[in-house]
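Coordinate-derived values only; no laboratory data. Because the structure is a prediction, the values reported are computed rather than measured. Methodologically, a virtual Cβ is constructed for each residue, glycine included, from the backbone with ideal geometry; neighbour enumeration extends over all protein chains shown.
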Amino acid sequence: MSADPRAPAVVAEDVCVTYGAGDSGVRALRALSLVVPRAQFVVVRGRSGSGKTTLLHVVAGLRRPDTGRVAVGGTELSRLSEGESARFRRRHIGLVYQFFNLVPTLSVEHNVALPLLLDGWTIPRVRGRVEALLARLGLPGHGARAAGELSGGQMQRVAIARALVAEPVLVLADEPTGSLDSETGRSVLALFRELCDERGTAFVMMTHDLDAAAFADRVVELRDGALERDGAGARAATAAS
């Protein structure tokens, strides 16, 4: 279940997802197709109910589409068993959430290392990688602190470190600035931009944050589960002019 370094980070083709059945069914995604190359920062916007979170779940392998296909790093997710999907996600997809999803009683080091620990690694084996990430994210020397002692901005940086620790093909972020003040939120967006450029990791961010487009290569807008717009972000537009 290794990722193909030549393949795009994401390929979604004609993806449909419906919740419920019959007249009460809600079509969350409608024949949606999307390709995200490596090293691209994509912002996905849309009103509540537009399909952003469903798209994230499908691309993460947390929900299989009713029809269509999704591949991450060349691996088609629907061909994986539930256990294989979980292992693939730990190794190749990083997830960042609005409310961090850290274990507050565990140390920062253990929170960051968690995907690797679940994959059978030990703390001594991963400590150097974790310490390097924390230093890169502005948290040197924080490894022994309990995650619950940190500020919101620090918690989000720990969550980002956890998403990156397995050196994934793709990082998916669901409203990662939604619970942060505007200054901290912009620092997180700048960090995504830097990490995308430095590491060649693709970032796909679901958000209402209007500031996000200034950092993105590309802005995708959803409406009622369908792709309404797919265009250059402000950064890409500036680079092209």
How many of the residues making up segment 3-48 are on the phi > 0 side of the Ramachandran plot and in contact (Cβ under 8 Å) with a residue 60 or more places away in the chain?
3
Restricting to segment 1-25, name every residue that is surrounded by 15 or more Cβ atoms within 10 Å (Cβ to Cβ) and more than 19 Å from PRO65 (Cα to Cα).
ALA3, ALA7, PRO8
Checking the structure you have, find out if any residue of segment 215-222 is assigned to a helix (DSSP H, G or I) and out of contact with any Asp or Glu (no Cβ under 6 Å at 6 or more places or on another chain).
yes
Being in contact (Cβ under 8 Å) with a residue 24 or more places away in the chain, more than 25 Å from LEU34 (Cβ to Cβ) and among the hydroxyl-bearing types (Ser, Thr, Tyr) narrows it down to one residue among THR67, THR105; which is it?
THR105
Picked from segment 65-92 (must be under 20 Å from the mean Cα position of the chain (by Cα) and among the basic types (Lys, Arg)), the residue nearest to ALA28 (Cα to Cα) is ARG69
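Here is a yes/no grid of residues against (1) more than 23 Å from ASP211 (Cα to Cα); (2) assigned to a helix (DSSP H, G or I); (3) of a type in the set (S, T, N, Q):
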| site | (1), (2), (3) |
| --- | --- |
| SER33 | yes, no, yes |
| SER50 | no, no, yes |
| LEU55 | no, yes, no |
| PRO65 | yes, no, no |
Could you list, in sequence order, the residues of segment 11-64 that are closer than 18 Å to GLY233 by Cα and aliphatic (A, V, I, L, M)?
LEU34, VAL35, VAL36, ALA39, VAL42, VAL43, VAL44
Take the conditions farther than 19 Å from ALA163 by Cα and surrounded by fewer than 15 Cβ atoms within 10 Å (Cβ to Cβ) and apply them to ARG79. Does it pass?
yes
Among the numbered criteria (1) of a type in the set (Gly, Ala, Ser); (2) buried (at least 22 other Cβ atoms within 10 Å of the Cβ); (3) more than 23 Å from ALA226 (Cβ to Cβ), which single criterion is violated by GLY74?
(2)
Checking ARG157 against (1) assigned to a helix (DSSP H, G or I); (2) over 19 Å from ARG38 (Cα atoms); (3) more than 15 Å from the chain's Cα centre (by Cα), which single condition isn't satisfied?
(3)
Could you list all residues from segment 160-213 that are in a loop (DSSP other than H, G, I, E, B), of a type in the set (D, E, K, R) and more than 14 Å from the chain's Cα centre (by Cα)?
ASP181, ASP209
Across segment 1-21, the tally of residues that are in a strand (DSSP E or B) and not hydroxyl-bearing (Ser, Thr, Tyr) stands at 8
Quick one: in segment 93-107, of everything that is outside any loop (DSSP other than H, G, I, E, B), of a type outside the set (Phe, Trp, Tyr) and within 20 Å of the chain's Cα centre (by Cα), which residue is nearest to ASP174 (Cα to Cα)?
VAL96
Being of a type in the set (Phe, Trp, Tyr) and surrounded by 22 or more Cβ atoms within 10 Å (Cβ to Cβ), is that true of even one residue in segment 30-47?
yes
